[in-house]
Every structure is written in structure tokens, then in C-alpha cells.
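S.K.: I'd like to ask some things about the structure below.
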Amino acid sequence: MTGFTLNTFGGKAPKVYARLLPNDMAQVATNCRLDSGRLNPWKGNAATSITPVASYTVTAQTKTLFKYSDTIWLGSDHQLDVVRSPIAEDRWERIYLTGRTNAYPEMTLSSIVGSGTYYRLGLPSPPSLPSAPALSTTSVSATETPKSRSYIYTYLTQYGEEGPPSTPLVANIVDVHSDQTATVTFGSNVSGYNITHKRLYRTDSTGTYRRVTEVAFTEANFADDKNESQLGEEIPSSSWEAPPDDVSADHPDGAMQGLVAMPNGILAGFSGQTVCFSEAFLPHAWPKAYQLTVKSDVVAIAPLTSGLLVLTTEKPAIIQGLDPASMSMMEIDSTLSCVSKRSVVDMGEYVMYASPDGLVMGGEQGLQLATDQVLTRDQWQEFVPSSLVGFMWEGHYVGFYSTASENKGFIFDPRGGKNSFVSLDFHATAGFNDLANDELYLVVGGSVVKFAAGTALRATWRTKKFYTPRPICPAVAKVNCDSYPVTAVTYAVTVVASGGNKYAITGLGTAPVLTLQRGVTYTFDVSNSSNSGHPFRFRTSSDSSYTSGVSINGVAGSAGATVVFAVPLNAPSGLKYYCTVHGNGMGNSITLEDDQGMTLKLYADGVLRHTQIVANNNIFMLPSGYKAQDFEVELSTRMTINEFCVYESASEIGGG
């Protein structure tokens, strides 16, 4: 017996020579879902209605899509990093982000983001007091030793965010008696921040700055007549600073980017070689003392269970800790650098990203080249890994890439196995993984869609190269499915009076919108006498006659009269059916769907020998007149395939 049967289907492994692949693995596997062992087409993308706030329009240039709530979506042509407030029950519903046009880190609220309102993240240190406080007269100078005081103040936003203090000056230290009032004059106010108040502090007898009062931002002076027992808490913000921003004199490596949320209410970002951390649950406060420096420029950072994975242009590093004040860093002895910030995906227990050598799995236990078994370095480089954009879906890494010749995608299952790698025939520029609803939103062709939520895509699966010891000429083949595509449909047409003459189509109603599939042949039986004088035809959206694939048999209203429409695979959208005498009013529009057909192609010694449209479970004949030893079969389908076989004779096929 010479031939082969396949009843399990796996993914592709381009790294392995086509003849040496396992029998059920593929050279080509595009839009294939194979986790059941059968050849299933992957579901296509479903259209959805998403309108980002601030009048942003999703286009093919969109690089960021973020869902804050069912009614608040953010979109941008820039690579934004967006995180929700780490503060429990945050009544302001704050949103923090880096990467917008202004370059500096920002924050906004759910209530104002719709108007495109953003504020700088963090607060500046106020100007020093312009002069020493003015003192009132005293009556106890002869009997009391005055106490020295130093004053500083901070800015405060309406959301309770406090900034770093002003710099105390020696010249502004005053000696104050217990019966004196010290009138403090504040420095000139700054602009460009959402500041509503100032908070004044002074030293106590131990030299600790303690709170005196809080005044409106517009207040220029404050008369302090409090004694020490009336002072409030110690200043908490002495080390708090705004994150690195766009002031190049202060931050030559540029503004902080790559914002992520870590456990324990900590936010992290990076600038150049520096990794920055916020105070826990205080996203506006970024002490310099918490910064850590790696050896090379950071490309991306990703949160881990108890720390942070730092991906650089050279060796990665792991930062561990749950307190920003006591983080520890360890460089990973690996050459698996990161080449695309947008390729980095949090997969749950680990992170995946694009390196020069392939996709990498990284976590607290180290790094692993995940695609090592399916792709060589050169094959991986053909995807232009620096262009990779990645997402997580159902435990799979969904990646999209751009080369000089194509924009496509792939799905990789990091759990391994024969089904780990398949291709996708479309490209996405942005997306958002909605974990709450278990949905992946993508931007495809400038529109937002739900991934794998639509009708079946056309799957293409091509076998390994099967080699026969002797030259043969296969004669028969068979494809087994649960169901087969419809290839022919017949409709009976009559004409009825319904606000004027209308075509009625049996089973569909009066002047219905027709849904036809490309590649299917439809026979419209117009033999009923009511059709007399009402020729049934097709036209385009511009009312030009459409005749491709159309055959007219007999005269409408006479016995045996039919209109046969073999819908071309390239039939345009916008077709309609109408009466050539009475116009469009008798018919309606036609919705065209892609063909559901199933095709088998047989290649022998690299030459295409036969193409068969499969319509049923029957054995079909293959052409003769040649012999070969290398055979490949390519299946193209929107239906699920259980098994197929190719043999030299029908007797070798069981159940034939």
C-alpha cells in the first residue's frame, strides 16, 4: 500500500526540514486552530463599536487602545503606557500615563479625560521664601531666650497630592519669642500645574519640620502665632519629587516612559538607563533615592510577582522587592536583549518579548528562548522583530509584524507541543486585552474589532513532504468532515403585490435582502407565471448591469425558466437584484459573504498536479500521466476537517 492518511493536524516548525517533519506537522499553517487535533479554521474578527474619548478617531495609525471603563476608551497614534490608580476606592478615578505628545508623564481623571485634559504628573518644589518672616514686637525679650525657626512650604493639588518642599535658606532663619507672630511671605506662584493650596511647615525644638497650616494657592502671606504644641505632623514629602520630565537640563535621558503598575501600589517607569519607582500608593511621588541604574539603555519593563523584569539593549536585569525603598537588582547573564518595547506582554506567571534570536519567556526563574524549536535566528529575523506588537489571548502570544513585503501576524503557544506556532493573514496596529470580559480588542485596518469572535477565517494547511521509496502516481483521495460546504442553492421566485410589485423568494419573504456566498451557485426559478414581464437580473451599486457568473435560461414566467448566478470569488460588494423593466423597487440589496468552499491541492515533486473542490465525503479521482516521489497536500477550508487520505487505488481507502 502506497499513500498516506492524516487524522491529526499540528502547527508548523520552519526550523525543521520539510521532509523530516513529523507526519502531522505542517509547512504552512495559516489561520488554523489545532488544539483539538482536527484542522479547524480560526475564527475571524468581529466588528464592534468603540468610540475613544476626546474626539480621537481610530485609524490605521493608531498605536494605543486602552479601556478604562465601558464608556471610556483612550486611543492614540503614540505608544502610550497607561495604568489605573493603585489607590483603593479612588474617588477621583485617576489615570496615569506616559508617552503622549507632551513627552512628560501625566495624570488625568475619568471625569475630565473626555475633554482631553491632562496634568503633569508630580509637583515642583516651590521657590524659596523671598525673605525672612516679619516678626511682631515682643515683651519678653529680657526674660526669655528666643527659639530659632526655619520655614518651608509645599504645593498641594485638589486631589490631595503634595509635592516636595521649598529649599530652606539660612538667611531666612528667625529667632522667635513665645509672644511673637511670624508673618511668612510665600514665593511667587508657578503655573502649569493643578495646584490649589500651599502647606506651610516650620521646625520644632528638635529641628523637625512640622505642619503649621494650609492656605489657598493665591494667598501671599500667613501670620503664624502658633506655639509648638499646636503644630501638626512631620512633613512627609521631603524626598518626594516629580518623575523625570522633558526638562533636558535636569533629565538628559529624556522624560520617564514605560509606566507600569507593580504589586503593593508601586508604579515604575524608566528613563535612559535609570529605573524609577514611586512611593507605595502615592503615584505622584518619585524619590531619587529609589532609582536604580542598569548598564545599558532600558527598552521596556514588565511587572513580576515580586518585582520587575528590566529589558535593555543588552543584558536584562531583575529587580526584586515589595518596598520601593529597598529594591534589589541583579543582572541576568544572558544575551537575550529586547528589540521591541511593544512586543513585551505580561502572560501571567511570566513575560514574553522579542529578542534578536526569537521570542523569549522571562520571569523570576530566568529567561528561555521559547521559539528555539520552531524557528532559526535567520527565520525569526525575517519577521523584523523590532516591528513586533504583541498581545495575550487565552494563554497564547498573538504577535503582529511588518516587513518590506507584508503586514501579518502569528499565534504562539508558549506551552509548546506540535500546535505551538501558526500564522495569521491579517495585521493589527494596536489592541487591548480586556481581562474582565475575556476579550481581546484589536485595531485592524483602522477599525476596532474583537479577536476570534466572528465567522471562520479561511485556513490553509500544507503537509510535510512525504517521500515514497519508489515513484508513484496517486489515483484517489478523500476528505472527511462533519459537514461540507453548500455548493448549490435553489430559490423559487414569484411576483406579489405589496405596495407595488415585488419579488417574493420562497423561505425568505418579500423583497428580502439576499445573503449569498462567493463561490456558491444559486439557481433562481422564475418559471412561475407571475414572473412574466418581470425579468430578474443583477446590477452593481451604481446600477450598472452585473453579468459575471450569470446564466439566463428561458423566458421569465415560462416553464423551466431560471436565472443561475455562480457567484464569482471576486464578486464586488454592493450588488442588488432588480427587474429590468420596473427597476430596483421590485428587489433589494445583496450581502456577499466569503466563500465557504474547501479545496485540496496535490503537489508532486514540487509541481501542482491537481486542484479539487471538495463538496462531500466521496472518493475523488486524481490525474494520471506522471510519477513522482515527493508529495505535498495543501488544504484550504472554512470547515473543520477530521481526516484526509491520498492513495494509489480506491481499494486502499477504508470506507470508500
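S.K.: Determine which single condition T460 fails, assuming it passes every other condition in (1) under 24 Å from G597 (Cα atoms); (2) outside any strand (DSSP E or B).
M.R.: (2)
S.K.: Can you pull out the residues in the range 75-126 that are charged (D, E, K, R), within 26 Å of S166 (Cα to Cα) and in contact (Cβ under 8 Å) with a residue 40 or more places away in the chain?
M.R.: If we filter the range 75-126 for residues that are charged (D, E, K, R), which is where we start, we get 77, 81, 84, 89-91, 93-94, 100, 106, 120.
With the extra rule that they be within 26 Å of S166 (Cα to Cα), the set shrinks to 106, 120.
Result: R120, single match.
S.K.: Tell me which strands (runs of 3 or more DSSP E) are completely within the range 253-336 and hold 3 or more residues being touching a residue at least 24 places away in the same chain (Cβ under 8 Å), or say none if there are none. Talk me through it step by step, then tell me what you get.
M.R.: Details: elements: 257-261, 267-271, 274-277, 298-304, 307-312, 317-320, 328-331.
So the answer is 257-261, 267-271, 274-277, 298-304, 307-312, 317-320.
S.K.: From the residues in the range 600-618 that are crowded, with 18+ Cβ neighbours inside 10 Å and not charged (D, E, K, R), which one is nearest to the chain's Cα centre (by Cα)? Lay out the reasoning, then the answer.
M.R.: Filtering the range 600-618 for residues crowded, with 18+ Cβ neighbours inside 10 Å gives 600, 602-604, 609, 614.
Checking which are not charged (D, E, K, R) leaves us with 600, 602-604, 614.
Numbers: L600: 34, L602: 38, Y603: 38, A604: 41, V614: 37 Å.
Among those that are crowded, with 18+ Cβ neighbours inside 10 Å and not charged (D, E, K, R), it is L600.
S.K.: Can you name the condition, by its number, that T185 falls short on among (1) at pLDDT 95 or above; (2) on the phi > 0 side of the Ramachandran plot?
M.R.: Just one mismatch for T185, condition (2).
S.K.: Also: Scan the range 385-403 and tell me whether some residue there is assigned to a helix (DSSP H, G or I), over 19 Å from F451 (Cβ atoms), open to solvent by 30 Å² or more (accessible area, probe 1.4 Å) and free of Cβ contacts under 8 Å to residues at least 40 places away in the same chain.
M.R.: The answer is no; no qualifying residue exists.
S.K.: Scanning the range 465-480 for residues that are out of contact with any Leu (no Cβ under 9 Å at 6 or more places or on another chain) and not aromatic (F, W, Y), which turns out nearest to C645 (Cα to Cα)?
M.R.: For the range 465-480, the residue satisfying everything is K478.
S.K.: Can you tell which of G431, G416, G363 is closer than 30 Å to I72 by Cβ and open to solvent by less than 40 Å² (accessible area, probe 1.4 Å)? Explain how you work it out, then say what you get.
M.R.: Numbers: G416 fails: closer than 30 Å to I72 by Cβ; G363 fails: closer than 30 Å to I72 by Cβ.
Only one candidate qualifies: G431.
S.K.: Give me the residue from the range 574-599 that is assigned to a loop (DSSP other than H, G, I, E, B) and among the charged types (D, E, K, R) and, out of that set, surrounded by the fewest Cβ atoms within 10 Å (Cβ to Cβ).
M.R.: Applying the first criterion (assigned to a loop (DSSP other than H, G, I, E, B)) to the range 574-599 yields 574-575, 580-582, 594-597.
Narrowing the set further to residues that are among the charged types (D, E, K, R) leaves 594-595.
Values: D594: 15, D595: 20.
The selected residue is D594.
S.K.: Also: What are the residues in the range 434-448 that are part of a strand (DSSP E or B), open to solvent by 20 Å² or more (accessible area, probe 1.4 Å) and touching a residue at least 24 places away in the same chain (Cβ under 8 Å), if any?
M.R.: Scanning the range 434-448 gives V444, S447.
S.K.: Just checking: which of the strands (runs of 3 or more DSSP E) contained wholly in the range 108-225 hold 2 or more residues that are open to solvent by less than 60 Å² (accessible area, probe 1.4 Å)?
M.R.: Answer list for the range 108-225: 151-157, 174-176, 182-185, 195-203, 209-216, 221-224.
S.K.: Between A242, A249, which is out of contact with any Asp or Glu (no Cβ under 6 Å at 6 or more places or on another chain), among the small types (G, A, S) and within 30 Å of V345 (Cβ to Cβ)?
M.R.: Answer to the check: A242.
S.K.: Within the range 467-487, how many residues turn out to be assigned to a strand (DSSP E or B), more than 17 Å from S636 (Cβ to Cβ) and either open to solvent by less than 70 Å² (accessible area, probe 1.4 Å) or touching a His at 6+ places or on another chain (Cβ under 8 Å) (or both)?
M.R.: Of the residues in that region, 4 qualify.
S.K.: Could you list, in sequence order, all residues of the range 612-656 that are touching a Lys or Arg at 6+ places or on another chain (Cβ under 8 Å) and aromatic (F, W, Y)?
M.R.: Of everything in the range 612-656, those that are touching a Lys or Arg at 6+ places or on another chain (Cβ under 8 Å) and aromatic (F, W, Y) turn out to be F620, Y626, F631, F644.
S.K.: Keeping to the range 330-349, report how many residues are farther than 26 Å from T403 by Cβ and open to solvent by less than 50 Å² (accessible area, probe 1.4 Å).
M.R.: So the count comes out to 2.
S.K.: May I ask you to list pairs of residues, at least six apart or on different chains, whose Cβ atoms are under 6 Å apart, with the first in the range 1-27 being hydroxyl-bearing (S, T, Y) and the second being part of a strand (DSSP E or B)?
M.R.: These pairs meet every condition: T2/T468; T2/I472; T5/C645.
S.K.: Is there a residue being in contact with a helix residue (DSSP H, G or I) (Cβ under 8 Å, 6 or more places away or on another chain) and touching a residue at least 24 places away in the same chain (Cβ under 8 Å) anywhere in the range 469-476? Spell out how you get there, then give the answer.
M.R.: Just the residues of the range 469-476 that are in contact with a helix residue (DSSP H, G or I) (Cβ under 8 Å, 6 or more places away or on another chain), to begin with: 475-476.
Filter once more, keeping what is touching a residue at least 24 places away in the same chain (Cβ under 8 Å): 475-476.
Yes, the range 469-476 contains at least one residue that is in contact with a helix residue (DSSP H, G or I) (Cβ under 8 Å, 6 or more places away or on another chain) and touching a residue at least 24 places away in the same chain (Cβ under 8 Å).
S.K.: So, one more: Could you give me the residue pairs with C-beta distances under 6 Å whose first residue belongs to the range 505-528 and is under 17 Å from A559 (Cα atoms), whose second residue is small (G, A, S) and surrounded by 18 or more Cβ atoms within 10 Å (Cβ to Cβ) wherever it lies, and which are 6+ apart or on separate chains?
M.R.: V526/A556; V526/A561; S527/A561
S.K.: Mind telling me which of the residues T293, T274 ends up being more than 25 Å from S387 (Cβ to Cβ) and either touching a helix residue (DSSP H, G or I) at 6+ places or on another chain (Cβ under 9 Å) or surrounded by fewer than 18 Cβ atoms within 10 Å (Cβ to Cβ) (or both)?
M.R.: The unique qualifying residue is T293.
S.K.: Let me ask something else. For the range 65-76, give me the residue count where each residue is crowded, with 16+ Cβ neighbours inside 10 Å and not aromatic (F, W, Y).
M.R.: 6
The values are calculated or read from the model by the stated rules, or taken from the named source; none is laboratory data. The structure presented is a predicted model; accordingly, all values stated were derived computationally and were not measured. So basically every Cβ, Gly included, is an ideal-geometry build from the backbone, and we count neighbours across all protein chains shown. In case anyone asks, the SASA skips ligands and DNA or RNA and just uses the protein heavy atoms, side chains included. Shrake-Rupley method; radii C 1.70, N 1.55, O 1.52, S 1.80 Å.
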